[in-house]
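The structure under discussion appears below in the form of structure tokens.
Taken together, the values in this text are just the output of simple stated rules run on the coordinates, not laboratory data. All values reported here derive from a predicted model rather than from experimental measurement. Quick reminder, even Gly has a Cβ in these numbers, built from the backbone with ideal geometry, and neighbours come from all protein chains shown.
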Amino acid sequence: MAKAKTYYFCQECGYQSSSWLGRCPECGKFGTFAEEVVKAESGKRRVEGEKLQSVPKRIQEVSYSETVRIPTHCGEFDRVLGGGIVPGSLLLLGGEPGIGKSTLLLQTALAVTDRKLLYVSGEESEQQIKMRADRLVGSGECVVGSTEQQGLKSGQVLPTTHYPLSTELYVVSETVTQRIFEHVDAVKPELLIVDSIQTITTEDIDSPAGSVSQIRQCTAEFQHYAKQTGVPVLLIGHITKDGTLAGPKVMEHIVDAVLQFEGDRNYGYRILRALKNRFGSTAEIGIFEMQGNGLREVPNPSEFLLSQRDETLSGAAVAATLEGARPMFIEVQSLVSSAVYGTPQRNANGFDMRRLSMLLAVLEKRCGFKLGAKDVFLNIAGGMKVNDPAIDLAVACAVLSSNVDIPVSPRYCFAAELGLSGEVRPVSRVEQRIAEADRLGFEKIFISKYNVRSIDTKRYGIEIVPVSVIEEAFRALFA
Ligand code: TYD
Ligand code: MG
């Protein structure tokens, strides 16, 4: 019997210490240490005669069969996973409470009707799960299958799929891993879903549910189960607003993929991102819309992110951004007004504040506007968060438009980064952006002149406007 030992863990970052510390040497937080009992691992070597399971092989001798992924029947989810769930993998779906993690996985579980599934919930009773399932399936149009596969356009209402609840989906409300594995042995599922890792405990450890050592140990147990049986396990994990709760952080190293579900709760859009993915790209995102009866896929985000804007309103410009491999056209809105109080205000929604300050400084220097004495508000339509630097030019043009109170045509779009000296810099995969702008019916796209060299401008119906410095764009739009 292994001896139990006590350690102190930082609840923020998982740092382990044999004594209590006031301040964590790893993350610098104060008062985060908690005592947890851990069973000491026996460092014993293999006993005589016991068979060794792993054998080193030459790399040429290693054979494998092409893994067949389990499709989730949800185009957006599959896209983020890299084409379905890999057998034997351990996935973590993280996100703030209430963002829709349980909904997404239950919806997936209901859609995968051809396999036996076990949905373990430590948060909800079986009745509550059933109620949610009825809500997702019973009325209205529940989304099963990719809208793209069905050849539907975004915005089009999907056909009502009144289908009975899957007979292959088993649900159980349980929080102890040992008992979960007993259920697993009885049900023999092909996919295991656990909601959420913060509510699960193992009998091996004495600390409360949600503590670092519980989370680490339980995750390790699920990892072991997934690797041994080849049954993929989907774990749900909560994270706080700043995205740094100890739990999911210590799990990140153990799991094969970390998916993050995010979105502004005030808007219906939800974005699924892969922060880590051993079996696919981390550049892809999946976009969903939360509706009364579950999450609906949004395969074509641009078409509904662009508000039907009045031509006479100043302060808006459309950015041709790329998220993963997918072009996304987003409206940037800005309001510049004289500061009423002494210190001018700066506020940005969905855009980095420091980047905004930098762009304002560039505009002040290059275009000669006294923006330093003005309030500047910036908003990315639809509550989206954009990391693509190609949005810079649209941000600058929206600010300038509001400042001079001259509208930018809603049929113009922008795709370029801005440098510190006001130079308009090229962006990646510009042809894809141009092709999409063309398809969406834009009249002009403003790009860096360095991007124009490499493309055949005659291929597109859209007018391509090359600019080299921000002043040029300013003159072209507002002079
Ligand atoms: P939930 O999946 O429970 O969030 P999480 O598991 O991440 O904590 O969903 C939370 C919200 O979603 C809840 O406030 C209600 C809303 N919701 C809908 O709008 N439509 C639906 O069909 C469902 C099931 C939930
Ligand atoms: Mg939940």
Mind giving me the FRET efficiency for LYS51 and ASP264? R0 is 56 Å, r the Cβ-Cβ distance, nearest 0.05 is fine. 0.50
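Using helices alone, I'd like the mean residue ellipticity at 222 nm for the chain: each DSSP H run of four-plus residues gives -39500 (n - 2.57), total over residue count, nearest 500.
Details: 12 runs with 121 residues, N = 479.
The helix-only estimate for the chain comes to -7500 deg cm²/dmol at 222 nm.
Students often get this wrong, so check it: of LYS101/LYS385; LYS276/LYS385; LYS116/LYS227; LYS29/LYS101; LYS188/LYS227, which have C-alpha atoms separated by over 22 Å? Write down the numbers at each step before the final one.
Working: LYS101/LYS385 19 Å; LYS276/LYS385 19 Å; LYS116/LYS227 18 Å; LYS29/LYS101 29 Å; LYS188/LYS227 15 Å.
Violating the 22 Å limit, Cα to Cα: LYS29/LYS101.
When CYS27, CYS74 are ordered from fewest to most other Cβ atoms inside 10 Å of their Cβ, what list results? Walk me through the numbers on the way to the answer.
On the way: CYS27 15, CYS74 25.
By the 10 Å Cβ count, ascending: CYS27, CYS74.
Fully extended, how many nm does the chain gain between ARG425 and LYS5 (0.36 nm per residue separation, minus their Cα-Cα distance)? Walk me through the intermediate numbers first.
Working: separation 420, 0.36 × 420 = 151.20 nm, distance 5.77 nm.
Value of the extension gain: 145.4 nm.
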Per-residue HN-Hα couplings for the range 349-362 [Karplus 6.51, -1.76, 1.60; θ = phi - 60°; Hz; x = Gly/Pro]: 10, x, 9, 5, 4, 5, 5, 4, 4, 5, 5, 5, 5, 5
How charged is the neighbourhood of PRO389? Take every other residue with its Cβ under 12 Å from the Cβ of PRO389, and add Lys/Arg as +1 and Asp/Glu as -1. -2
Share of pairwise Cα separations in the range 424-479, more than 13 Å, in percent: 57
Note, the range 11-21: 3J(HN,Hα) by Karplus (6.51, -1.76, 1.60, θ = phi - 60°), whole Hz, Gly/Pro = x, goes 6, 8, 10, x, 4, 10, 9, 7, 10, 6, 10
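Given the C-alpha atoms of the chain, compute the convex hull and give its volume per residue in Å³. Walk me through the numbers before you get to the answer.
Working: hull volume 98.3 nm³, N = 479.
Per-residue hull volume (Cα only) is 205 Å³.
Tell me, HIS238, HIS183 in order of fewest to most beta-carbon neighbours within 10 Å? Display every interim value, and only then the final one.
Numbers: HIS238 20, HIS183 15.
Least to most surrounded, the residues fall as HIS183, HIS238.
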Report, by chain and number, residues whose modeled amide H sits under 5 Å from the one on VAL38, excluding near sequence neighbours (fewer than 5 apart, same chain). LYS5, THR6, TYR7
For ASP206 and SER338, extending 7 Å from Cα along the Cα-Cβ vector and measuring point to point gives, in nm, a value of 7.0
If one compares the long axis through the Cα atoms of helix 430-439 with the longest principal axis of the Cα atoms of the chain, the angle in degrees, nearest 10, works out at 70
Using the Karplus curve 6.51 cos²θ - 1.76 cosθ + 1.60 with θ = phi - 60°, work out ³J(HN,Hα) for each residue of the range 59-65 in order, rounded to whole Hz, and write x for Gly and Pro. 5, 5, 7, 6, 10, 8, 9
List the residues, sorted by chain then number, that are 5 or more residues from SER196 or on another chain and whose placed amide H is less than 5 Å from its amide H. GLY122, GLU123
What's the extension gain from ARG475 to LYS370 if we count 0.36 nm per residue and subtract their Cα-Cα distance? 36.0 nm
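Which FRET efficiency value, to the nearest 0.05, do you get for ALA435 and ALA283 by plugging their Cβ-Cβ distance into 1/(1 + (r/R0)^6) with R0 = 25 Å? Please list the in-between numbers first.
Working: r = 18 Å, r/R0 = 0.74.
Once the sixth-power term is evaluated, E becomes 0.85.
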